[in-house]
1. What does the extension gain come out to for Ile396 and Asp67, with contour length at 0.36 nm per residue minus their alpha carbon separation?
2. Can you work out the Karplus-derived ³J(HN,Hα) for every residue in the stretch 534-547? Use 6.51 cos²θ - 1.76 cosθ + 1.60 with θ = phi - 60°, whole Hz, and x for glycine or proline.
3. Using a Förster distance of 41 angstrom, determine the FRET efficiency expected from the C-beta separation of Lys327 and Arg557, and round it to 0.05.
4. Let a ≥ b ≥ c be the square roots of the eigenvalues of the Cα gyration tensor of the stretch 354-570; is it rounded (a/c under 1.5), or, if not, prolate (a/b larger than b/c) or oblate?
5. Net charge near Ala275: determine it from the other residues with C-beta under 14 Å of the C-beta of Ala275, scoring Lys and Arg +1 and Asp and Glu -1.
6. How far is the Cα center of the stretch 134-196 from the Cα center of the stretch 314-360, in Å?
7. Of all beta bridges DSSP finds with both residues in the stretch 30-187, what is the antiparallel percent, to the nearest 5?
8. Explain nothing, just compute: Karplus ³J(HN,Hα) = 6.51 cos²θ - 1.76 cosθ + 1.60, θ = phi - 60°, for every residue of the stretch 322-333 in order, whole Hz, x for Gly and Pro.
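Every number in this text was worked out from the coordinates using simple rules, so none of it is lab data. Everything numeric here is computed off the predicted structure, so don't read it as measured data. Backbone-built Cβ (ideal geometry, glycine too); neighbour counts: all protein chains shown.
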Amino acid sequence: MALVPALHAAEHLHAIVDMGSNGIRFSISSLQPPTQRIMPTLYQHRVGISLYDAQYSQTGERIPIDDKTIKAVTAAFKQFKRTCQDFGVPEQNTTVLATEATRTAINSEAFRAEIKKEVGWEVTMLAKEEEGRVGAMGVASSLPSLSGLVMDLGGGSTQLSWIVKNGASDGVRLPSSGAVSMPYGAAAMSRRLAEAEKTGTTDKLREEVYGAVRAAYETLQVPKELERAAIEAGGFTLYLSGGGFRGWGYVLMSQHRVQPYPIPVINGFRVSRNAFLEIDQVKAAAADSLEHTGEGELFRISERRAGQVPAVAFLVNVLAEALPQVKEVRFCQGGVREGHLFSSFPTGLKAELPLVVATRPFANTDSSKKLVAILESAFPAGSTSGAADDYKSIFIPDLLEAFANLIYYHSSHSKDLQASAALRSTTAGVLASVHGITHEARTLIALLLCARWGGSIPPSDEIYKRNLEQLIESPWTLWWINYLGAVASLIASIYPAGPLVGQERLRLKAAWDRDEKHRALLLLEVGVSGDVDEEVVEHEANEVEKVGKRKRWIGGRDGIGHRLSVKVRPITS
């Protein structure tokens, strides 16, 4: 969400330095209530210093981190320290975290001492297991709920763990022993694979990695209930983080059936097992990107990342054989920064839903609750579980609350911009930078808000909207989006400033019925108080009813939709 640094009290600002193997990430985050769950980032900067590469000579021998690299690191630290002072970050709220490359450096102690001497900051070394735990907590922060296996692919190492976070108040469950760390990071695997190809020992390397992954899985002691749930679901969900895996995800995004893929953020991107294992296609795309720098480059894939794709492909191939059945893969942005901050939260805060947290500042709490109740009453009573049109599993209370919180957000925009700005709100607008939202949620909210403002967009946005719609799995969902958007417009016309406590102007009631030809019909009764202008209500009610016209169905007259009748009546009691 759009954040202004001046709005955040200094005591809530936290600076994190993540000293990774492939680069050093500097960030300043705000943990000011009520949005601390989504850890808004006020500043972020990455310096491409590879502490892993700095420890190898041209002949492949391990060497200490050289003075030139150390000077570059301390210079970057000093610049960030000045930035922290500019933002007013308290000195005690600054944390420097070091991982595999620093931990295993020949001159690790001297390296850290030089940082302390030049900058005045202590470097906290994360042990192998702790690095995996922090990474897993970063993944936990990235989604509203999780249940499955977790892998974090850094430059020097990769960690395997399991995780359960159901969104309730029982917190995040991880292995008590922490994650299992293996020396197969993207940079490390690139070096090992190159050596194996030279010496003809790739099969031996494959056996080594396979054995390590199998042993790691056994060590984790995955809970029986998690394994049973995976069997029932057809396989585990595998949550992936770390630069190496995110690079793989961006290549898969470029190969997605919907092109151009409309949501550019990697966090929350989901693919099936089959898509994840399209190894030859991914390698070919990365190789093509390396050959055609400039126009042919893949989005968010640096030359270094593209060069590491063969090594990541090797690892992915082994994972497919070594791990139990994986049904789907979720890519996560959360790393050391997010994991460290998220770990400090109390259980109740960890359970908060990012989409709801991000939208609450834009709504009055009492008004929002009333809006959600009205929106829910626009659905017929009863369960839809197992039905082809299972709309109640999609439009859950949390999604409706987020939608309700933003129903009025674009009111200040000109009519020309309202639908377009709403459509882009989750990728370039008010929710673009929110951490912890799935692509499904971004898509639903964007389309709902666009429909709330009438859905009329300029030609420049039509392809984008169509591509978002293609991400929706069921055409029934698209119809309900149009319906809910029209209902929201009706609500806003009667409550232009939101519902007020103790003032009922609108009451909705929906039920399934039959028309004169005995065809299924959705009947929406709109009850209004006597002080509401009848013409306004009739106009908006007609707009809702138009959604049920066959020519407005998804796919046209022979497509998907419900016949709809809207009746306006006075509230009698």
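1. Full extension of this stretch gives 112.8 nm more.
2. With the stated coefficients, the stretch 534-547 comes to 5, 5, 4, 5, 4, 5, 5, 5, 5, 5, 5, 4, 4, 4 Hz.
3. Once rounded, the FRET efficiency stands at 0.65.
4. Because its axes are fairly even, with a/c under 1.5, the stretch 354-570 counts as rounded.
5. Numbers: positive: Arg257, Arg270, Arg273, Lys327, Arg330; negative: Glu278, Asp280, Glu328.
Computed value for this residue: +2.
6. 8
7. 80
8. Residue by residue, the stretch 322-333 yields 7, 8, x, 3, 10, 8, 8, 10, 10, 8, 10, 7 Hz.
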